[in-house]
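Each remark here refers to the structure printed beneath this line.
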Amino acid sequence: MTEVVIAGIGMTPVGEHWDLSLRTLAARAILSAEKDAGGLKPQALYIGNFLGSMVSHQANLGALITDNSGLGGIESFTIEAAEASGAAALHMAYLAVSSGFVDTAMALGVEKVTDMTDGVEKILATGLDFDYEGFEGVTPAAQAALLMQRYIYQYGVGHAAFNWLPLLAHTNAVHNPNAMYRKALKPEVLQSAPPVVDPLTLYDIAPYADGAAAVILTRSGLLPKKPVQKPVRLLGSSVITDALALYDRPDPLRFEAARRSVEQACRQAGILPGDVDLFEVDDFTSIYAVLALEAAGFALPGEGTQLSERGHVPLLTMGGSKARGCPVGASGLYQVCEAVTQLRGQAGALQVPGARLAMTQSLGGPASTAVTHILKV
Amino acid sequence: MEIPRHWRLKKQRYALVGEVCPHCEAKIFPPRDVCPHCSGEAKTPYQFSGQGEVYSYTVMNDAPAGFEENTPYTVAVVKLAEGPMVTAQLTDLGAEPVKIGMPVEMVTRRIRSDGNDRGMIVYGYKFRPVMQ
């Protein structure tokens, strides 16, 4: 199998970018990734985006973004897998490069949320089964609340058992220059947090925000003799789907697609999940992070919340979606860019010592789509 | 307005009509094209009893666009007596607190209006506590 390497990464800060459009956010991440790769330009651009056609009234992003970013004429189109769109775009870039179809491909995740001042929740609910979930007034946050309520009931844990996840995310984001909330949380703030969708509180749900992140892939033999950055190898890339609707799953508390996606990506890489030095888990909500940790095998079902006491692999090393901010369809590529930063040893105060092997996992909906990547330096 | 869409779904929405798989006899709701259990083609209509119990629930205080007039409302995943689960709002709750495992039954209720105040009123299933 041809070795696929990440030659460059680029990110914009995550936040409410009132002054930046979808296309400009995209261009900033693209140009920054090209520069990081020593001027390497892609022959194909795969764009992960969920909301553009609804929030910005803009489809056909391939033509728009390539033309605006100085890449006019190359192969480019949108990949949509709800919140996992960006990670799914990386999978496409991986296929294009590993097959030999192109020498260099870029995956871009871009999301512009703040062009609408209200009504975004209804648009995000298009990632659910519209006829049978969205129609009933259910939103992504409500789905997470339904799962958390059941988890608390079935396993007899209290809501406080989830608090270590937002605490960890906010502690790490303090040192991430691209993070939206660079402020640590006090544990007592979590105890009095206002409920949003019972039992989810304000700190259980990642804040939606604008952002763009890009990754350039090429084959190892094509890198210059002295690459600008330490190349990071992409050893595994897996996209797995589950039933879209929660009610259609035999056991909604088992993230089956997340489990199978970890298994497949690890098999490709020839590793076990326990071998990784860090895991960028999807913390769109704290219950999803717990269920994903269980699915990946870091805890038995019902025991995921106990990982804070038992000790665990480094997680959410740059603040996760909770504190870095959640640029919806771009969040999967932020995870990958952050893992690359760790593996290159460029994470500064957030550096995981000796990090050589990383896993990232992005979920579309409650793991209706799960995308897992394995990276190694 | 999305009249064809609501019209197309009226049997399942008004009367909880699903399917029974002609190959493996699994009860299926909502209707599908392929049986999730045996992968055979699913097409035989089946009338569900409307009896079930609450698998999980939450209360929506901050409703998405189109549901503001119902706020606050309770949504639940209900496990039907015949096996499948369904997502629906709970209604007629009175003072009784919702509990996981609580027996509920299906009723047909107004879900929302499609579009503005001149839009079509869309009806569908909700579930209420079983009268003791």
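When the helix-only estimate is applied to the protein assembly as shown (DSSP H runs of n ≥ 4, each -39,500 (n - 2.57), divided by the residue count), what is the mean residue ellipticity at 222 nm, nearest 500 deg cm²/dmol? All intermediate terms of the calculation are to be shown ahead of the outcome.
Details: 14 runs with 131 residues, N = 509.
Helices in the protein assembly as shown give a 222 nm mean residue ellipticity of -7500 deg cm²/dmol.
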key: For chain A, built as a Gaussian network whose Cα springs stay under 10 Å, the top-fluctuating residue of A:Ile271, A:Ile216, A:Ile65   = A:Ile271
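Using the Cα atoms as the points, what is the convex hull volume per residue of the stretch A:1-153 in Å³? Let's see the in-between values first.
Details: hull volume 23.6 nm³, N = 153.
Each residue corresponds to 154 Å³ of Cα convex hull volume.
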ask   = Relative to the longest principal Cα axis of chain A, at what angle does helix A:286-295 sit, 0 to 90 degrees, rounded to 10?
value = 70 degrees
request  = Over the stretch A:45-201, with every protein chain in place, what whole percent of the accessible area is carbon and sulfur at 1.4 Å, could you tell me?
outcome  = 53 percent
request  = Leaving out ligands and nucleic acids, note down the accessible area per residue over the stretch B:19-75 with a 1.4 angstrom probe, in whole Å².
outcome  = 51 Å²
query = When the accessible area of each residue in the stretch A:144-187 is compared between its chain alone and the complete protein assembly (1.4 Å probe; ligands, DNA and RNA ignored), which residues differ by at least 30 Å², being lower in the assembly?
reply = A:Leu146, A:Gln149, A:Arg150, A:Tyr153
query = Reachable aspartates and glutamates from B:Lys99, Cα under 15 Å, same-chain residues fewer than 8 places away excluded?
reply = A:Asp198, B:Glu53
request  = Please determine, in degrees from 0 to 90 and to the nearest 10, the orientation of helix A:22-36 with respect to the longest principal axis defined by the Cα atoms of chain A, where the helix direction is its Cα long axis.
outcome  = 60 degrees
ask   = aspartates and glutamates near A:Lys183 by alpha-carbon distance under 17 Å, same-chain residues fewer than 8 away left out - which ones?
value = A:Glu16, A:Asp204
key: Longest segment of chain A lacking trypsin sites (Lys or Arg not before Pro) that sit in a DSSP loop with at most 16 other Cβ atoms within 10 Å   = A:1-181
note = With Cα coordinates, the longest principal axis of chain A makes an angle with the long axis of helix A:140-155, in degrees rounded to 10, of 50 degrees
ask   = Given the convex hull over the Cα atoms of the stretch B:1-63, what projected area results after averaging over all orientations, in nm²?
value = 6.3 nm²
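Counting heavy atoms of the protein chains only and a 1.4 Å probe, report the per residue accessible area for chain A as a whole number of Å².
Working: 13060 Å² over 377 residues.
On a per-residue basis, chain A sits at 35 Å².
So what's the convex hull volume per residue for the Cα atoms of the stretch B:3-129, in Å³?
Details: hull volume 14.1 nm³, N = 127.
Considering the Cα atoms of the stretch B:3-129, their hull volume per residue is 111 Å³.
Hey, what's the Cα Rg ratio for the stretch A:231-309 versus the globular rule of thumb, 2.2 N^0.38 Å?
Numbers: Rg = 13.1 Å, N = 79, 2.2 N^0.38 = 11.6 Å.
In units of the globular-protein estimate, the stretch A:231-309 measures up at 1.14.
Please work out the FRET efficiency for the pair B:Gln51 and B:Met120, using the Cβ-Cβ distance as r and a Förster radius of 30 Å; give the result to the nearest 0.05.
Result of the calculation: an efficiency of 0.55.
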query = Which values, in whole Å and largest first, are the semi-axes of the equivalent ellipsoid of the protein assembly as shown obtained as the square root of 5 times each eigenvalue of the Cα gyration tensor?
reply = 39, 25, 22
note = Highest GNM mean-square fluctuation among A:His159, A:His57, A:His170, for chain A with Cα springs under 10 Å, belongs to A:His57
key: Two-site label geometry, A:Leu222 and A:Tyr153: point separation in nm, points 7 Å out along Cα→Cβ   = 5.3 nm
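Taking 0.36 nm per residue of separation and subtracting the Cα-Cα distance, what length does fully extending A:Arg356 through A:Leu202 add? Present the calculation step by step, with values, prior to reporting the outcome.
Details: separation 154, 0.36 × 154 = 55.44 nm, distance 3.44 nm.
Net length gain for the segment: 52.0 nm.
Can you give the charge dipole size of chain A about its Cα centre, rounded to the nearest 20 debye, using +1 on the beta carbon of Lys and Arg and -1 on the beta carbon of Asp and Glu?
Rounded to the nearest 20 debye, it is 1480 debye.
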query = Points 7 angstrom from Cα along the Cβ direction at A:Thr2 and A:Asn60: gap in nanometres?
reply = 3.1 nm
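Would you kindly calculate the mean projected area, averaged across all directions, of the convex hull enclosing the Cα atoms of the stretch A:296-352, in square nanometres?
Details: hull surface 19.5 nm².
If you wrap the Cα atoms of the stretch A:296-352 in a convex hull and average its projections, you get 4.9 nm².
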note = Straight-line reach check, B:Lys27, cutoff 21 Å on alpha carbons, 8 or more apart in-chain or any other chain, hits among lysines -> B:Lys10, B:Lys11, B:Lys43, B:Lys79, B:Lys126
message = Of the candidates A:Gln351, A:Gln58, A:Gln149, which one comes out as most mobile in a Gaussian network treatment of chain A with C-alpha springs shorter than 10 Å?
response = A:Gln58
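What whole-number value in cubic angstrom gives the convex hull volume per residue for the C-alpha atoms of the stretch A:111-246? Spell out each step's value before the answer.
Details: hull volume 26.1 nm³, N = 136.
So the per-residue hull volume is 192 Å³.
Probe radius 1.4 Å, ligands and nucleic acids ignored: give me the carbon and sulfur share of the accessible area of the stretch B:7-132 as a rounded percent.
On the way: 3190 of 6360 Å².
That share works out to 50 percent.
The values are calculated or read from the model by the stated rules, or taken from the named source; none is laboratory data. From a predicted model like this one, the values you see are computed outputs, not experimental measurements. Reconstructed Cβ throughout: ideal geometry from the backbone, glycine too, with neighbour counts over all protein chains shown. Keep in mind that these areas ignore ligands, DNA and RNA; they rest on the heavy atoms of the full protein, side chains included. Shrake-Rupley method; radii C 1.70, N 1.55, O 1.52, S 1.80 Å.
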